[in-house]
Structure formats: C-alpha cells, structure tokens
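The values are calculated or read from the model by the stated rules, or taken from the named source; none is laboratory data. Owing to the predicted nature of the structure, the values given are computational and were not obtained by experimental measurement. With ideal geometry, Cβ positions are generated from the backbone for all residues, glycine too; neighbour counts draw on all protein chains shown.
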Amino acid sequence: MKITVTKGALKNLKGDLLVLLMTRKESKKEAEKKLSMFDIAPAALKDFNGKAGESLLLYQNGSKPKSPRVLLLGLGDAAKADDFRKSSEALVRRSVLLKVKKLVLDCSSISAWSATSGEPTSMLAEYLVDAAKNASYRFDRLKSGKLDKGKDSGKDGKVLLKELCIRANAGSLKAVQEGVHRGSIIAEAGNLVRDLVNMPGNLLNAEEISEAAEDSGRKSGCKVTVYQKEEIEKLGMGGLLAVNKGSKAPPTFTILDYKPHCEPVATVAIIGKGVTFDSGGISLKPASGMGEMKCDMAGGATVIGTLEAAARLELPVRVLGLIPATDNMPGGAAQKPGDVITTYSGITVEVGNTDAEGRLILADALTYAVREYKPDTIIDLATLTGACIVALGYGVAGMFSNDDSLAAALYEAGKHSGDKVWRMPLWEEYDELIKSEVADVHNIGGKGAGAVTAAKFLEKFTEGHASWAHLDIAGPAFSASKGTKPVSGGTGFGVRLLLAYLRELK
Ligand code: BES
Ligand code: ZN
Ligand code: ZN
C-alpha cells in the first residue's frame, strides 16, 4: 500500500472514498460545518456518534464531486493509541468491502488530537499507518490466481486498497510524514513475521528461516551469521541437535546483530523459538489441529521482524537476535522419551516427552547468548505451551521474569502497543516438578502449571543472569479460526511489544 501525505484542499482531493475522521466531540460540534463543504445534508449526523471505529457512509450530491463517497469515521475521544488503531482497522475493513483502491483520509485536526491524547502528532500518524497496513495484510502468495476471475482483484478475489492519501495541515505535515515513515517500518516488520508464520512446514525449514534472516539483514543493515549443522555440532548444542534427530532437514542457528552508530544505551538479546513444524516427535501430537504447528517458529520470526525494524528505526540500542531452528519430527533416528541429552551448558536433561522440544533448543540459545554476548537484558519468545493458552487465552502472552523492573517495562510496553503480557510466577516451589532421577533436570513437569514448569526449565540455562524475561506466545502468535479476528493465521504478536520496550530504553 502506497502512502502519501498532502496539504491540498480536501474538496479537490480525488479518491474512491473520502474519509472524515472525527472524535465524539467533533461529531457534535464541527461535523455540520464539514459536511456543508460536501453538499451532504446534516441530517445524516443523527446516525453518527464518533465512537472509535464507528462509520457512516454518505454520498455527495452535485455534479461530479472529486470523491463521490464520503465516510464518517469515529475516533472515539482521541485519547489513546487504541482509538487510532481501532478506527484505522475499521477503515481498512470498510474499504475492502467497498472495493476502494484509493482513499483520502482527512487528518486536518491531527494537532488537536495530539493535544487531547497527549501524544506527539507523529505518533498518532504512526498508529494510523501501522494499523492500516496491518489490517490490509493478506497472505496470498501461495494462491496462483488460476481459478479467480475478474480484473483488479487480489488473488483471493478481493479488491485491495492500493493507496492511502493523508490530508494534514501545513503545520503538521512534517510530523505526519515522520509518523508515516515509522508506522510503515513497524507494519512491514509485523507483516514479515506474519508471512513467515503463515508459510507451511514444507516451504519453510530451518535453512529457509536463516535465509529469511539474511534477506532481512541485507535490507536493514543488520549483520547476520548462520551456523550450520557441523558448527552446531562443534559448539555442542545438544538440545538443538536432539530435537533435529528425527528430521531430514538440518538445523540452523542464526544470529542477527544490530549495532547503532552511537554508543548503545544497552545491549538486549532476543531469542526466538524456531520450530518450523512441531509434530511432537515420537511423542506424536493428535492429528486434529496439528497443521497449526507450522506456527511454532513464531518466536524466531518475531526476532527477525524486531531486528529489522530496530535497525530501520535506528534505535540507540544494540540488539542481538538468536534463532535456534529445526522441525520436530518422528523418524527412525528421532530422540525417544527417556533419552538423556547434554545441552550446550553441560547440563543434562531427561527427555520425558519429545513434544516439549522448544525448551530444549531455547536452552542452548539462552546459554550461548549469556556466555558470548553478556547482554544487559535477555528476552526469549516462544510458542512454548498449550498450558499458557489454558491460563490466559489467545489474546495475551504469559510473561516470566526474574527482574521486576524488566517485567514492569514489558507490561507497560504491552499495554501501550496492544501486544499484552501478563506476569506469572517463577517461585522456587515449582522446581520440584522438574526434578529428574537420572539427569540434572527433566523436560516436563507433572500435572498442572505447564507454562510455569517450562519457564522454570528455561531459567536453569540463563546462568544466573539478573535480567531475563520469557514470553510464552503460544496463544497470541497464531489465530486458528476466523473467529473474532478478521484474518486467521500469524498475527505478528511481539514485534510491537518489543519495539515499544526497546524505544523506551534511554
Ligand atoms: N509447540 C507446542 C506448544 C503450542 C501449543 C504452541 C499450542 C501453539 C499452540 C509445544 O512444543 C508443545 O508441544 N508443548 C507441550 C508441552 C508438554 C508436552 C509438556 C504442550 O503444551 O502440550
Ligand atoms: Zn511440542
Ligand atoms: Zn513446539
């Protein structure tokens, strides 16, 4: 989607749809004056209250207006980021239904909204653009279009929004342009994550994740290093190698490194689970819903997206991204329940269940990150447990941290970005549940607290690092059914959360 910014007179702007964005207050006070510019009877306003995301479609009278269709779009109280996101998402949904190719969005009042929300004008433009690009995302690259008829349609038969033109006053033009730039970067990173998550297991294996990281690094200027199986063996990454044993495709371990031009304010390592397909291995999962397990590399994809955006936004933070990647398959050579493996740290693990594979590959990457980079902060993201979905549902990630200030910062970043996280405990009592009779630790706990025991397992591989957080994104990373969300599949959860966190580091 192309985005342009203009200060041209609203009446002269041409588009398939002209959108008048207004707050609840404006819908009562100034709307009548605005509508009179367009030869629309003010009686229409009786049906419009300006609630965030509310819309009312009207048609201009007169001969040949530049934009015959006018949409009133509610902005709520223009008080918080969510008001802007909600209305922008509603706008895109409506545009798709109306087969709009170019829309003109009137943001003439953006400096007033900046005052009501207490946020800079550029941030408001960023929210609008990010949400619009996110909402117009479609995963259609695997559709050949051979069975579709008709011109101008996307490959899934829908007309796609091609251009968004934002109208702002001369005084706010520069700020709006800055926001458009940043919003585009963030949405492109989010949509890259969604693309990767949506790629099925046969089209995205560990090597292809590494290639995606390399492509992204070339685009953003991050340094990318890929360790192949031989090097992983030399490093002694016994967790990653054990999970890979049942697979025909070799594992990879990818490291992205973004160094700012200035002296970094901090070094943050982000680690993402990159299981390109999780069959469960010998502890095979039930057939129903197994296809969703193509999403099991969402943590790894989030690492790629976050690094790309951090570099393109030129954040003053050094960010490292680490992705251990493999699929988890049964096979003659696959690891077996009861096996004991030695991880990169030297810690031995009894593998009670081969379906608890994410923690095995993350264990190696966590220890590697601590030893090699000594980062100030380590954050891992993983579609780790079904138990976390039982606890928190599909909208929220479980957060575990040994650092109260990191947990508080991530909680705030979650609220602000919309990628919400909720803290869960790491109390000592849970250690009992992952004791092993034959090895240092067991990869599964007993009944109950499945998300917590997974986190307690990971904690053992952080070598006592004082600032670590684990985010279990099994619920929010992937939307299985059309349900409440407009599009199913990868959601891009985590990119906006991490960027909001990184942007607050000073
Ligand atoms: N990848 C799954 C977790 C998952 C479940 C992700 C649902 C997304 C949606 C993970 O590897 C897994 O299989 N976990 C097991 C752990 C159990 C064997 C201790 C689980 O949650 O059942
Ligand atoms: Zn599993
Ligand atoms: Zn898994």
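Quick one: how many residues across the stretch 333-353 are under 20 Å from residue 233 (Cα atoms) and either part of a loop (DSSP other than H, G, I, E, B) or not aliphatic (A, V, I, L, M) (or both)? Qualifying residue count, the stretch 333-353: 14. Taken together, the residues in the stretch 355-370 that are near ligand 3 (Cβ under 10 Å from one of its atoms) and polar (S, T, N, Q) amount to 0.
Each residue in the stretch 293-311 was checked for being more than 15 Å from residue 492 (Cα to Cα) and either surrounded by fewer than 21 Cβ atoms within 10 Å (Cβ to Cβ) or within 13 Å of ligand 3 (Cβ to nearest atom) (or both), and 1 of them qualify. Residues in the stretch 224-265 that are part of a loop (DSSP other than H, G, I, E, B) and surrounded by 19 or more Cβ atoms within 10 Å (Cβ to Cβ): 237, 245, 246, 247, 251.
Against the definition (without any contact (Cβ under 8 Å) to a residue 12 or more places away in the chain, among the aliphatic types (A, V, I, L, M) and touching a strand residue (DSSP E or B) at 6+ places or on another chain (Cβ under 9 Å)), how does residue 290 come out, yes or no? Taking the combined requirement at face value, the residue satisfies it. The strands (runs of 3 or more DSSP E) found wholly in the stretch 12-91 and carrying at least 3 residues that are free of Cβ contacts under 8 Å to residues at least 24 places away in the same chain and assigned by TED's automatic domain parsing to the domain that holds residue 108 occupy 55-59. Inclusion of residue 500 among residues that are within 16 Å of ligand 1 (Cβ to nearest atom), modelled with pLDDT of 95 or more, outside any strand (DSSP E or B) and surrounded by 20 or more Cβ atoms within 10 Å (Cβ to Cβ) is not warranted.
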